Structure formats: C-alpha cells, structure tokens
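Okay, handing you the structure first.
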Protein chains: 2
Amino acid sequence: MNNYEMQQEAEQFLKTYYTETGAPAEKLEERMKEVISDIKAFGTYTQTYDEIVYGVKLAWRNSNRCIGRLFWERIDVADARQAATEEEVFEFLFSHLKNAFNQGRIKPYITIFPAVSAKEETVKVWNHQLLRYAGYDSGEGIIGDSDSLEFTRICEKLGWQGKGTDFDILPLVIQIGDQPPVWRSIPEALIPEIPMEHPEYKAVADLHLKWYAIPIIADMRLEIGGLHYVSAPFNGWYMGTEIGARNFADEHRYNLLPKMAEIMGLETKHASNLWQDRALIELNEMVLHSFKKQGVSIVDHHTAAAQFRIFEKQEAKAEREVTGKWTWLIPPVSPATTHVWHQPYSNELKKPNFFYQDKAYQEMKGCPFHR
Amino acid sequence: MNNYEMQQEAEQFLKTYYTETGAPAEKLEERMKEVISDIKAFGTYTQTYDEIVYGVKLAWRNSNRCIGRLFWERIDVADARQAATEEEVFEFLFSHLKNAFNQGRIKPYITIFPAVSAKEETVKVWNHQLLRYAGYDSGEGIIGDSDSLEFTRICEKLGWQGKGTDFDILPLVIQIGDQPPVWRSIPEALIPEIPMEHPEYKAVADLHLKWYAIPIIADMRLEIGGLHYVSAPFNGWYMGTEIGARNFADEHRYNLLPKMAEIMGLETKHASNLWQDRALIELNEMVLHSFKKQGVSIVDHHTAAAQFRIFEKQEAKAEREVTGKWTWLIPPVSPATTHVWHQPYSNELKKPNFFYQDKAYQEMKGCPFHR
Ligand code: HEM
Ligand code: HEM
C-alpha cells in the first residue's frame, strides 16, 4: 500500500468513526490533518486506542460470513501494539485465553499486535486458532483433527511432540520479524475444554469426546484505516453447529455420524432412513447440552439466526445496508428453518474488515532454520 | 431474436447434437445448410423429433439448479407441436399426467408445445405446475398453499371454484394466441396423491395431509437451438426434502413444524432444544415413508446427492465441466452431510436450457375478458 492509498483509507475510516460516534466536525478535521502529515512523513501513522476499538467493531460489523454480528459493539480490545519480545507476545496470548474465557461467560475479545510497518519487526502468530487439536497421519487413518495435519507437522519439526491422542492441544507458535519461530505449550489451566455428554444417550460419554470452549481465530489480517494488523486473534463464543455439524460430523474431520448412529441403534445401511440426519441432530444436542452443563457460553443456530435478524433490523434503522455471504450465513443444520435461507445478501466488501492472508508458514519449505 | 442470432444458436446446437451422437460430418453440414436456408426464408425452422429429444436432454444436463441430472439421458418426450386447439392441448396435458405417473414408477417426461413463431398462435399453459394446490386468503390466515394465492384468484375470476380445503388441486388453465384463457378441471383419476403417514407417530395420519405425486413444472421456457418452447411442462420424481423440508415446513407454506413437534411431544418453548430440527426430520421421514408405501418414486437427499456425484464423475470422464448453482444444489436438510456442500460449482449458463419467463397472467390486470 502506498502513501496515497493509506491516506485514502485513513480518511474514510476516520470519517466513519467520527461521524458514527457523533464527534464534532473540527475534531475530525484536526485528526485528519495529523494523520495525513504522519503518513507523509513516516509512511504510516499510529491509531489511538479508541480508534482501534471502533475499527475492530466496524470490522466485525462488516464480516459478511459472521452470523454473530448483533453484538458488534460489545468486544474487549487488548492493545498489544507494544509487544516486541517473544515473552511479551506469549503473555498477551495467555492473557487473551484467560480474559476471553472469563470463567465460562465468554467475552468477544481481540488482541491487537503491531501493525505492519517498514520500521518495526512484524509479530506473527502461526496458529490457525489459539486453541486447536493436532492431527496426525498414522498411515492407517488420521488421529486427531485432519484440519491440523500440516501445522502439526510444522510444530513437530520445531521440536514439539504431542501425546498422539485425538485431542492434543497444539502449542502456540510465534515469530518476530525474521527470527526463527518459537513455540510454547499452553498451560493446562488456560485450556478450557468441554467433555461431551448426551442427556439421553449415556453411552456418548464413553466416547470421551471433548472440544475446546473458545474459537479464537488467529490467522486473519485485520485492516483498519489503511493499517494492516496481521496478528490480531479474535473470538466470540461458539455456535453449536460449528462443532456438532462440522468439526465432529464431517467425514474428513472427526467423522462421528456413524458412531453416534450406532449408539442410537440406528440402521445405517440405507441413507433413505435418514440416519445421518438423526445422528447429526444428536451430535448437536450433545454439544449444546455439554456446554450448558459446564456453564460455558454457546448459541444454537436458531437463536443465532434470530439474533442476526435483530441485527438486520437495527442496521436498517441506522440506514446501513447489511452485507453478508449467504453460503456462510446459512447454518449446516436445517438451514431453511432460519430466515437467512429465504433472502439474498449482498456480499459487498466494506472496510474495516478481517481478511484471509497467506499462512505464515507457507513461506517455510523444508527446515525452518535453513531458509 | 433476429435471424442472425437464431442461426448462431442453431449452428451451435446442431454441432453439439451431431458431434455428441457421433453422426458423420456430412450429415451435420447438410442439416446445417437446410436449417440456415429455412431461417433465411421463414425467420425460423422446424426441429426433427430426434433433435428435440436430444435438445431436451442437453437442457436438463445444463440445468444448474437440478440435482437429478444423473438421469439426463432418460426422459420421454411427447411431441405436441401440432396441438392447435384447446381440446388438443388439454388432451396432451392429461396424457402427460398419465404417462409420467406410470402407475407409480414415475418417468421423467416432457411435453413440447409449439415454439414461438411469427406465424402460428402461441400455446400458453398458465399453471406453475400441472398439479398444484390452491391457496385462499381467508382473512384469518391462509388455507391451502400460499404459493398459489395469486393464481387461485385468477382461476376464480375465470369461473373456477375450489372446495376451500387445504388440498384443492387447481384446474389447468391454457391460452391459445390472443384468445381468452380457458380452464378445465383435472379428472380425479389423473391426480395421483399420497396420503401422509408416519411409521412411528401414528397420529400423523389424523392430520389428513397429502401431497401430489409428481412435480410438473409448466411455466419455464425451454430453449433449444434458438427456438423458444414457451410451453414445455416437464417432470422428474420428487426429492423428499422438496415436500418435507419446504412445502410442508416453511412458515409461509404449510407450516407444519409446530404440529409435528406437538405430535412428537416436544417442548417448543426453546429453540435451543432443537425441536424444529427434530420435527423437520420426521416430516421428511413421513414423506419418504408415505411415497414408498404407495409404491411411488421418490428419492431422499442423500441418495440424490450420491447420484449427482456419479453424474459429476461421468461428465468429467466425458471431459465436460459440470456447471451448477450451489445455493440450489445443497439440500435444505443436513446439507453439509452431502459432498455438494464441500465444493464450489460454476454457475455458468449453457444452452439448451430451461429459463424463467414472465407469468402468462401478469399481462392480465383486472378482468381477463376486457383487455
Ligand atoms: C459473539 C459470538 C459470535 C458468534 C456466535 C459468531 C458466529 C460465527 C459463525 C457461525 C461463523 C462461521 C464460521 C464457520 O462456518 O467456520 C463466523 C464467522 C466469522 N466471524 Fe463470527 N461469531 C461471533 C463473534 C465474532 C467476533 C467477535 C468477530 C470479530 C471481531 C467475528 C468475525 C467473524 C469472521 C471474520 C468470520 C469469518 C471467518 C472465516 O472466514 O473463516 N465473529 N462467526
Ligand atoms: C428425475 C428426477 C429429478 C429429480 C430428483 C430432480 C431434482 C430437482 C430438485 C431437488 C430441484 C430443486 C427444486 C427446488 O428447490 O425448488 C430441481 C430443480 C430443477 N430441475 Fe430437476 N430433478 C429431476 C428431474 C428433472 C427433469 C426431468 C428436468 C428437465 C428435463 C429437470 C430440470 C430442473 C430445472 C430446470 C430445475 C430448476 C427449477 C427452478 O428453477 O424452479 N429436473 N430438480
């Protein structure tokens, strides 16, 4: 991004921020001048904490794939822009885990590491999610989460070793500037996990399934007013189907539909008896029930859709168009029972927003220490 | 469409037809010359029966929203291009109903009425589907199928009167050229309907639900080689979810989820107990079970997706790209359990194909006899 583009982006963001928060016009102008002169002088600028906080909220509000946006104004922002050492980065990540979990009443939370700049070293978090299970290709099938196969191999190359269970929490891997990546195991006490039980099918407990309590996406780039925060892990609470209908149900993930059907005593020879659909619902029941039993925040897909509908109404009232990506917003269980199914959404991209970016470790082929 | 465009379309279609069916190159050239000279002389041309049959198959194969395309080569084509009188048109429609039902072993079937031409009068079928239930706005809620409200009012204006039940089969309404539309009730014997029962929840039978056996879309335009067949009703057999997850389940249609949940004894206060999802599955079970019990063809969404996967493989083998519309191809029940969910499809439009067209009766505001 060149200075001109950054200036454009900054101006647009500041305008939105000052207008939506009802600041006087002079204040906007003053700040605009300051920012423009900084960009001209240094090729970048520094956002105030308040600007970042509002930028994060806008980025969430603009997240077209997110059904949880009713709560866009309620997110805690940890300012980690001063984090410069590995120690500091790990500390911020650990404290994110603790604060976001909040003893079960999960808080939407984001930790902002330094924006990319020519001068300072970039802080990179290599994990896809801060909490995530390792996946191993045993030769006779996958152990753990197949979604983590590549990253698990990388962790192993870096010297980490998992226990080889289906639920080994991966270490945190970070990298500062061009230094080699370093990893650290997450202290047990900071790993909230939910053991899976089913209110009716008691045998489910014997499967010893569990899932971590918070989905903390760590590999997306947050862009606010022309600044690129390439490490800005964020979380909400789970929608049950993410675990019950995808992580546990997908054939290429934990593939639990056949097991659940067996526990339910369903005949699984003929797809036409809908055993997959029945087992799918009980997996989802299991997830919702287990989180609730542990007093940990979670939302079912119907309630989430209803909340999203309120968000849509709120936005209409504020005379803002809700953009959305239909294919992501519909839940993977009974989607046509939600209002989302029955209307189109414009997938127009607005900024601030969260973006996919290349994996930090794709650059690393072969040994990480010999590049 | 001008002559030049028609010629282009005709050439492209004939090329595909003759090539795919392995005809010798001279035959294609000969036919091409004939068609071009006809278009130049008359502004149109007449397709051979074999050309139409292959054109229909291609139109089906190119139907991006259809998951039933494995069977694209198996469809019976009734040639109704000579139909000129109302009597003849009704006869063709009645015989479509009979042949397509085929005593329960439903046949993919299409009846082709004359293509649009400057000279001959256009035959228009006004119905959305040949079999469809009326919908009445009683003032205190809808009786019947809300999807038919407008067309039902039109039928009433034309002099038809329904019994006022939830399942009144609408009359066939046709129109020849500029003549006023005429309607005819479908003889009882030609209306195959499936009474709904549930293998486990016997009380379902007391709801006296039923659905017609064949979805015969009558309001789409079939385009083959530049010719526009604006009346070409076609059918396959049902995929269960069309009835169980949409017609019966949608809140604005028959809205049966609460009733089903009641029969199942589910608590319906909290969406988080997934009562809607459970009721949805039993509605779908009911539909599949009832069709099977009556010996009438139907396919569940898992089997349909598996068949679609075979179609995709067949097409890959033939070195043709499968186009598709993801948002329509995913089933509305447990969509992520099918392979369709997990891959993108290009929604590129290929011809021949079926197209939406303006409703025949949109032109008619006020009384149909005073235009
Ligand atoms: C508060 C509770 C929240 C719920 C229930 C929720 C729900 C969801 C769901 C179900 C998805 C789709 C996930 C998938 O299918 O993989 C999603 C995606 C997303 N959400 Fe939210 N969300 C919440 C909070 C947040 C927060 C706090 C942010 C950012 C500040 C956010 C930003 C996003 C983004 C960027 C995506 C797209 C992720 C991707 O493309 O992989 N969400 N959300
Ligand atoms: C043989 C069994 C068939 C099955 C199981 C099947 C299945 C389906 C399904 C489930 C849909 C989506 C319907 C909806 O959501 O409203 C659909 C759409 C469609 N199918 Fe098929 N189909 C079959 C045969 C046919 C035939 C014979 C044709 C034409 C020759 C056809 C052409 C289409 C078209 C054009 C659509 C889109 C309709 C629209 O946009 O409203 N299908 N099909």
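Throughout, read-outs are computed from the coordinates displayed, never taken from laboratory work. Worth saying up front: this structure is predicted, and the values here are computed from it rather than measured. Quick reminder, even Gly has a Cβ in these numbers, built from the backbone with ideal geometry, and neighbours come from all protein chains shown.
Of the trypsin sites (Lys or Arg not before Pro) in region A:231-279, which ones lie in a loop per DSSP and count no more than 14 other C-beta atoms within 10 Å?
Answer by residue number: A:LYS269.
Right, another one. For a quick check of your reading of the filter: which trypsin sites (Lys or Arg not before Pro) in region B:143-245 sit in a DSSP loop and have no more than 14 other Cβ atoms within 10 Å?
Those that pass, being in a loop and sparsely packed, are B:LYS163.
Could you compute the FRET efficiency for A:GLN12 and A:HIS252, with r as their C-beta to C-beta distance and R0 at 45 Å, rounded to 0.05?
Rounded to the nearest 0.05, the efficiency is 0.65.
For region B:1-88, state which trypsin sites (Lys or Arg not before Pro) are in a DSSP loop and have at most 13 other beta carbons lying within 10 Å of their beta carbon.
Here the sparse-neighbourhood loop sites are B:ARG65, B:ARG74.
Which residue fluctuates the most in chain B, going by a Gaussian network model with Cα springs under 10 Å, if the choices are B:ASP166, B:ASP206, B:ASP145?
Of B:ASP166, B:ASP206, B:ASP145, the Gaussian network model singles out B:ASP206 as fluctuating most.
So what's region A:1-116 giving for Rg/Rh, alpha carbon basis, Kirkwood Rh from the mean inverse pair distance?
Ratio value, two decimals: 1.01.
How much length is gained on full extension from B:ALA41 to B:PHE71, taking 0.36 nm per residue of separation minus their Cα-Cα distance?
The span from B:ALA41 to B:PHE71 would gain 7.0 nm if fully extended.
For region B:202-230 and region B:91-167, what is the separation of their C-alpha centers, rounded to whole Å?
9
Let me ask something else. With a sphere of radius 12 Å drawn around the Cβ of A:LEU70, what net charge do the other residues whose Cβ falls strictly inside it have (Lys, Arg +1; Asp, Glu -1)?
Once positives and negatives cancel, what remains is +2.
Which three lengths, in whole Å and largest first, does region B:164-269 cover when its Cα atoms are put on their principal axes?
Cα extents, longest axis first: 55, 30, 24 Å.
Mind checking the mean number of beta-carbon atoms from other chains within 10 Å of the Cβ atoms in A:325-334?
Other-chain Cβ atoms within 10 Å of each residue's Cβ, averaged: 4.
To the nearest 20 debye, what charge dipole does region A:154-202 have about its Cα centre, counting +1 at the Cβ of each Lys and Arg and -1 at the Cβ of each Asp and Glu?
So the magnitude is around 200 debye.
Count, for each residue of B:293-300, the Cβ atoms from other chains sitting within 10 Å of its Cβ, then give me the mean as a whole number.
The per-residue average across the peptide is 1.
Quick one: dipole size for the protein assembly as shown, taken about the Cα centre, charges +1 on Lys/Arg Cβ and -1 on Asp/Glu Cβ, in debye to the nearest 20.
Value, rounded to 20: 200 debye.
Here's a follow-up. Averaged across the residues of B:274-282, what count of C-beta atoms belonging to other chains lies within 10 Å of each residue's C-beta?
If you average over the peptide's residues, the count of other-chain Cβ atoms is 6.
Amide H of B:TYR238 versus every other amide H placed in the peptide plane: which residues, excluding those fewer than 5 positions away on the same chain, fall under 5 Å?
Distant-sequence amide H within range of B:TYR238: B:VAL299.
Then there's this: Can you tell me what the convex hull of the Cα atoms of region B:102-213 projects to on average, as an area in nm²?
9.5
May I pose another question? Counting each DSSP H run of 4 or more residues in chain B as -39500 (n - 2.57), what helix-only mean residue ellipticity at 222 nm follows after dividing by all residues, to the nearest 500 deg cm²/dmol?
When only DSSP H runs of four or more count, the value is -10500 deg cm²/dmol.
Using the beta-carbon distance between A:GLN82 and A:ARG105 and R0 = 25 Å, what value does 1/(1 + (r/R0)^6) give for FRET efficiency, to the nearest 0.05?
Computed FRET efficiency for A:GLN82 and A:ARG105: 0.30.
Note down the nm distance, to one decimal, between modelled labels 7 Å out along Cα→Cβ at A:GLU262 and at B:ALA306.
1.9
Could you tell me how many degrees, from 0 to 90 and to the nearest 10, lie between the Cα long axis of helix A:86-101 and the main elongation axis, the longest principal axis, of the Cα atoms of chain A?
60
Once you list every other residue whose beta carbon is under 10 Å from the beta carbon of A:LYS350, what net charge do they have if Lys and Arg are +1 and Asp and Glu are -1?
Within the 10 Å Cβ shell, the charges total +1.
Starting from 0.36 nm per residue, how many nanometres of slack lie between A:GLN362 and A:ASP50 once their C-alpha separation is accounted for?
108.9 nm
List the residues of region A:145-168 whose backbone N lies under 18 Å from a point placed 7 Å from the Cα of A:GLN294 along the Cα-to-Cβ direction.
Residues passing the 18 Å test: A:145, A:165-168.
Got a sec to turn the phi values of region B:139-153 into Karplus ³J(HN,Hα) couplings, 6.51 cos²θ - 1.76 cosθ + 1.60 with θ = phi - 60°, whole Hz, x for Gly and Pro?
x, 10, x, 8, 10, x, 9, 4, 5, 9, 3, 5, 5, 4, 4
Same structure again: When chain A is treated as a GNM, springs tying every alpha-carbon pair under 10 Å, which of A:ASN235, A:ASN99, A:ASN273 comes out with the largest mean-square fluctuation?
Taking springs between Cα atoms under 10 Å, the residue moving most is A:ASN273.
Holding the Cα-Cα limit at 25 Å, pick out from A:LYS313/A:LYS351; A:LYS202/A:LYS293; A:LYS325/B:LYS317; B:LYS57/B:LYS210; A:LYS210/B:LYS259 the pairs that are longer than that.
A:LYS325/B:LYS317; B:LYS57/B:LYS210; A:LYS210/B:LYS259
For the protein assembly as shown, what are the per-bin percents of Cα-Cα distances with bins 10 Å wide, up to the bin holding the maximum?
Each 10 Å bin holds this share of Cα pairs: 2, 12, 19, 20, 18, 14, 10, 4, 0.
For the protein assembly as shown, what is the percent of antiparallel DSSP beta bridges, rounded to the nearest 5?
75
On to the next question. Below 15 angstrom from the Cβ of A:ALA316, what's the summed charge of the other residues (Lys, Arg +1; Asp, Glu -1)?
With Lys, Arg at +1 and Asp, Glu at -1, the neighbours total +2.
Take the alpha carbon atoms of chain B, find their radius of gyration, then divide it by 2.2 N^0.38 Å using N residues; give the quotient.
1.06
Now for a different question. Through the Karplus equation 6.51 cos²θ - 1.76 cosθ + 1.60, θ set to phi - 60°, convert the phi angles of region A:206-216 into ³J(HN,Hα) values in whole Hz; use x for Gly and Pro.
So the Karplus estimates, Gly and Pro as x, are 5, 6, 6, 7, 7, 8, 6, 7, 10, x, 10 Hz.
With charges set only on the Cβ (+1 for Lys and Arg, -1 for Asp and Glu), what does the dipole of region A:242-370 come to about its Cα centre, in debye to the nearest 20?
In debye, rounded to 20, region A:242-370 gives about 240.
If you rank A:ARG309, A:ARG105 by fewest surrounding Cβ atoms within 10 Å, what's the result?
A:ARG105, A:ARG309
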